[in-house]
Each structure stands twice: as structure tokens, then as C-alpha cells.
Amino acid sequence: MKKSFLLVIILEILLIVLLVWLLYLWIQTQKASDGSFFESIKSYWGEIHQNKNTQNKTSVKEKHGRAEKESRQFDPDRDSFVKDEQYNEEVEEIAKTITPGEENDFITMANDFHRAGNYRKSMQYYDAAIKVNPQNAMAYCNRSALKNTILDYEGAVEDASAAIKINPTPYAYHNRIAAYEKLGNLPGALNDIEVYKGNDWPHQGYAYYQEGRCYMQSGNYFQDEDFGSLYVRNMYYEMAVKAFDEAENTLSHEYKKYLYESRGDCYLALANIEKAKIDYAKAESLGSEYAGSQLKKLQKN
């Protein structure tokens with residue numbers, strides 16, 4: 001009788017612990033909608049598992065850098081520049097030629113330099129326009145886009161934030177979302193995505209695509225094989241897939257390849273091999289070498 005009574009007590013305690021744990025997971029799921037849980041992902045789970053799954057985390061990092069490398073126009077060896085004394089003197093000379101109120105013409109020229117790959121000259125013209133008119137939101141917004149191109153993501157956030165403070169346009173939010181996502185500031189990116197969607201601005205597909213990227217990165221933080229980590233990881237991958245689904249029909253063509261790569265990765269993590277193959281095949285048809293290699297691996301198995 002004593003043994004049976006003790007066993008019942010132990011089972012009741014285990015049941016209570018299980019219920020508390022499930023309640024905790026449910027609370028975190030609710031918090032995920034406003035991004036508040038993402039800070040704890042890096043500060044808590046990241047520290048706990050920092051010495052585990054090193055190889056897996058490296059592959060995740062490489063995977064997320066893939067789209068950046070393939071789309072990158074910036075060549076650090078060719079295009080990097082330093083804002084030295086000569087640079088600043090040239091900015092001063094350009095600024096002297098700008099009539100206040102006509103700086104937008106110089107911003108247009110800066111845009112042309114950006115598209116042509118002359119990033120140093122483009123930056124100088126943006127700098128000069130801002131020097132003449134520090135309240136020109138377009139100059140900050142476009143300089144933010146340039147800083148994203150040259151991989152200065154902190155600077156891109158700073159300029160996009162300045163533009164948003166003066167005139168909150170969708171393009172400024174677009175630039176800041178991209179920079180936040182590259183920096184791993186998922187709460188910041190998700191907050192901006194909600195603002196973007198809430199304003200019913202154009203290019204909603206991009207907002208959903210970036211939302212999917214954020215949820216995908218969140219899932220990648222949970223790589224241990226214990227049940228709790230698997231549950232939370234899969235939850236985020238499923239949220240990522242849902243966001244990618246929303247993005248698919250309205251996302252501009254230039255991002256479609258990366259959407260299919262990312263969604264294929266999510267399906268693969270969720271062990272949905274057939275859907276992963278479909279997305280990798282779509283990405284490969286759009287020129288993705290990575291998707292092609294993934295498809296070959298899956299077809300061999």
C-alpha cells in the first residue's frame with residue numbers, strides 16, 4: 001500500500017510539472033506574436049547551448065549568409081572606401097554646389113552612382129545633400145539603402161531611423177527591416193514588419209518574406225534534440241512557412257529564389273521532404289546553385 005501511495009504521489013508531481021511546462025510553452029507561443037520572446041532566445045537559450053551543436057550552428061550561419069552572398073554587389077576589395085580627410089573635403093566641395101531646396105537633384109545623382117556601383121561617389125553625394133539639408137528624409141532613406149549594399153547594417157539602421165523620424169515611408173521601413181534581419185535584431189525587424197503591414201503599404205510580400213526569415217532564424221536557435229527544443233523550433237519553422245506562403249503570390253521576382261530556398265530549408269527541418277524538394281526545384285529553376293545541391297542530396301536518399 002505504501003509503495004502504491006508513493007507511486008501515485010510521484011505521478012501527480014510529474015503531472016503537475018508537465019502541466020506547468022506546457023503552460024510555459026503556451027505563454028511563449030503567445031508572446032511570439034509581438035516579438036518579445038526573441039530577446040530571450042539569444043540571451044538565454046544561446047548561452048545555455050553555446051558549446052553544443054557547433055557544426056550545426058555553423059551550417060545554419062552559412063545558410064543564412066547564402067542569399068546575401070548571391071545577391072551582393074559590393075566587393076570589399078574593390079569598392080571599400082574610408083571617409084578620410086580627402087573624402088570629407090570632396091563632400092564639402094559638392095555641398096557648396098548645392099542650392100538649398102534643390103538637394104533632391106543631387107540625391108538623384110547619388111542614386112545613379114549607387115546603381116552604377118560607384119559607392120564612394122554615391123555616399124559623398126548623399127552626405128553632401130544631408131549637410132545642406134539635415135531634414136531631408138529621402139537622403140537618409142537612400143543612404144540607408146546604400147549602407148545595406150556595402151554591408152554597413154548598423155549605419156543602415158541609423159539612417160533609416162532618421163528618415164522614419166522625419167517622414168515614415170515604406171521604403172525607410174524596408175531598409176531598416178533588412179538591416180535588422182541581417183544584424184539578428186529579430187524583435188526590431190518584427191516590430192517594423194507589423195508597422196509595415198498595418199499601414200497597408202505596397203510590397204506587402206516583402207514584409208511577409210522578412211517575417212518568415214525572422215521566424216526561421218528563431219527556429220535555428222533551437223537545435224538540441226530534447227523535446228522542448230524540438231517543439232519550439234518546429235513552432236517557429238511552421239510560423240515561417242506560413243509567412244512565406246503569404247509572401248509567395250505578391251513577392252517581387254528578385255526575392256522569389258530566396259523565398260523558395262528558405263521555405264525549402266524549413267520544410268526540410270520539419271521532415272517534409274516532398275515539399276522541400278518542390279521548393280528547391282523552384283529555386284533551382286530561378287538559378288539557385290544551393291537549391292540544386294540540396295535537391296541532389298535529397299534525391300540520392
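The values are calculated or read from the model by the stated rules, or taken from the named source; none is laboratory data. Remember, it's a predicted structure, so these values are computed and weren't measured experimentally. Cβ coordinates were reconstructed from backbone atoms using ideal geometry, including for glycine residues, and neighbour counts include every protein chain displayed. The accessibility values were calculated without ligands, DNA or RNA, using every heavy atom of the protein model including side chains. Shrake-Rupley method; radii C 1.70, N 1.55, O 1.52, S 1.80 Å.
Worth a mention:
- Per the conditions (1) without any contact (Cβ under 8 Å) to a residue 24 or more places away in the chain; (2) of a type in the set (Ser, Thr, Tyr); (3) within 23 Å of PRO187 (Cβ to Cβ), the sole criterion not satisfied by SER293 is (3).
- Among residues of the range 156-179, those that are touching a residue at least 24 places away in the same chain (Cβ under 8 Å), in a helix (DSSP H, G or I) and open to solvent by 50 Å² or more (accessible area, probe 1.4 Å), counted: 2
- Looking across LEU286, LEU251, one residue alone is open to solvent by less than 50 Å² (accessible area, probe 1.4 Å) and among the aliphatic types (A, V, I, L, M). It is LEU251.
- Test for ALA116: is it among the small types (Gly, Ala, Ser) and within 22 Å of ARG176 (Cβ to Cβ): no
- Test for ALA276: is it among the aliphatic types (A, V, I, L, M) and open to solvent by 20 Å² or more (accessible area, probe 1.4 Å): no
- Condition met for ALA281 (open to solvent by 10 Å² or more (accessible area, probe 1.4 Å) and not in a helix (DSSP H, G or I)): no
- Checking TYR196 against (1) more than 21 Å from GLY264 (Cβ to Cβ); (2) open to solvent by 10 Å² or more (accessible area, probe 1.4 Å); (3) of a type in the set (Phe, Trp, Tyr), the condition it does not meet: (2)
- Residue match in the range 126-143 (condition: of a type outside the set (A, V, I, L, M, F, W, C), open to solvent by 30 Å² or more (accessible area, probe 1.4 Å) and over 23 Å from PRO170 (Cβ atoms)): yes
- Considering ILE98, ILE130, the condition of being farther than 29 Å from TYR208 by Cα, out of contact with any Cys (no Cβ under 6 Å at 6 or more places or on another chain) and either among the acidic types (Asp, Glu) or part of a helix (DSSP H, G or I) (or both) is satisfied by ILE130 alone.
- Flag: LYS182 matches the condition of being in contact (Cβ under 8 Å) with a residue 60 or more places away in the chain, open to solvent by 10 Å² or more (accessible area, probe 1.4 Å) and either hydroxyl-bearing (Ser, Thr, Tyr) or within 26 Å of ILE130 (Cα to Cα) (or both).
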